[in-house]
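Report on the following structure.
Only the coordinates and a few stated rules stand behind these numbers; no lab work does. Since the structure is predicted, the reported quantities are computational estimates derived from the model, not experimental observations. Cβ placement follows ideal geometry from the backbone for every residue including glycine, while neighbour counts extend to all protein chains displayed.
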Amino acid sequence: MKVISAAVLSALFCTVVSASLKVVKYGETYYIHLNQVEGPITLEFRPGLVQANHSEIHGTTEPPPMVLYNQTAVLPDYVGRLSVSEKRVTLHSVRMTDEGSFTVLDREGKVKRRNCLNVREHQNFLHPSHGENLKVKLYRPHANVNIVYRPKSGNQDRVILDQGFCGTPLDPLLEGRLTVEGSELSIKKVQVADSGVFKVTDLDGFPVAHVYIEVEGRNQIHI
């Protein structure tokens, strides 16, 4: 079976449901504007074709819709993240599971908007100097993520956080210098040997961020 990338799958899905595509990064806010839509509205959601840890397409049948807002109330699973006003729909703290098609129906049940959401992980490139203290944004509380670290000098992932708990034993190079608190990872007095990549995923296995670190040596000169 041919393997298709997540980006191609998203574009294909939006074509299937005849919706315009909007790309939002994990943890950011997604808006659907309601210009010239007579409310109260109904908001339907059809999940996309990409699932956690899978990159293959198993068919293009349109998934059944979920009603996220029924003119008066938000679906319980979305309370606190989804809000609806006369001017727009707002979805906070976007996750990979929010990827799919959103359909807006007016007060008479007529389709007025079809918007397709594609969620991407963050790609961050940091260049701290030797001896600096480094802070890395995780975009979610640390209890809700997994983190692995692959040093530039190695070819094996090393567990930093597993289901929100620190890996044991911690990488010897980072022992005593790495801490995780709230939605942030910190490394004290970074060294050139710390260069590498931190891969952050949520508890469903979806990528949240790839943070590439290249520590500049003390004697490195920029021209």
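For S129 and S93, calculate 0.36 nm times their separation in residues minus their Cα-Cα distance, and state this gained length in nm to one decimal.
Numbers: separation 36, 0.36 × 36 = 12.96 nm, distance 3.17 nm.
Contour length minus the Cα-Cα distance gives 9.8 nm.
Sorted ascending by nearby beta carbons within 10 Å, beginning with the fewest, D106, D162, D98 become D162, D106, D98.
Sorting C116, C166 from the fewest to the most surrounding beta carbons within 10 angstrom yields C166, C116. Residues Y31, Y149 in ascending order of nearby Cβ atoms (within 10 Å, fewest first): Y31, Y149.
Ordering of 174-181, 36-43 by packing is 36-43, 174-181, highest average first (other Cβ atoms within 10 Å, averaged per residue).
Assuming 0.36 nm per residue, please report the length gained on full extension of the stretch S153 to E184 beyond their Cα-Cα distance. Working shown, then result.
Numbers: separation 31, 0.36 × 31 = 11.16 nm, distance 2.43 nm.
This chain segment gains 8.7 nm when fully extended.
Potential lengthening of the chain between R107 and V192 amounts to 24.6 nm, from the contour at 0.36 nm per residue minus the alpha-carbon distance. 3J(HN,Hα) along the range 174-186: 9, 4, x, 10, 9, 9, 10, 8, x, 10, 9, 10, 10 Hz, from the Karplus curve 6.51 cos²θ - 1.76 cosθ + 1.60 with θ = phi - 60°, whole Hz, x for Gly and Pro. For the range 90-156, applying the loop criterion from DSSP together with a ceiling of 15 other beta carbons within 10 Å to the GluC sites (Glu not before Pro) yields E108, E132.
What do you get for Rg/Rh of the range 130-223 when both radii come from the Cα atoms and Rh is the Kirkwood radius? Don't skip to the end; give the middle numbers.
Values: Rg = 13.2 Å, Rh = 13.6 Å.
Rg/Rh: 0.97.
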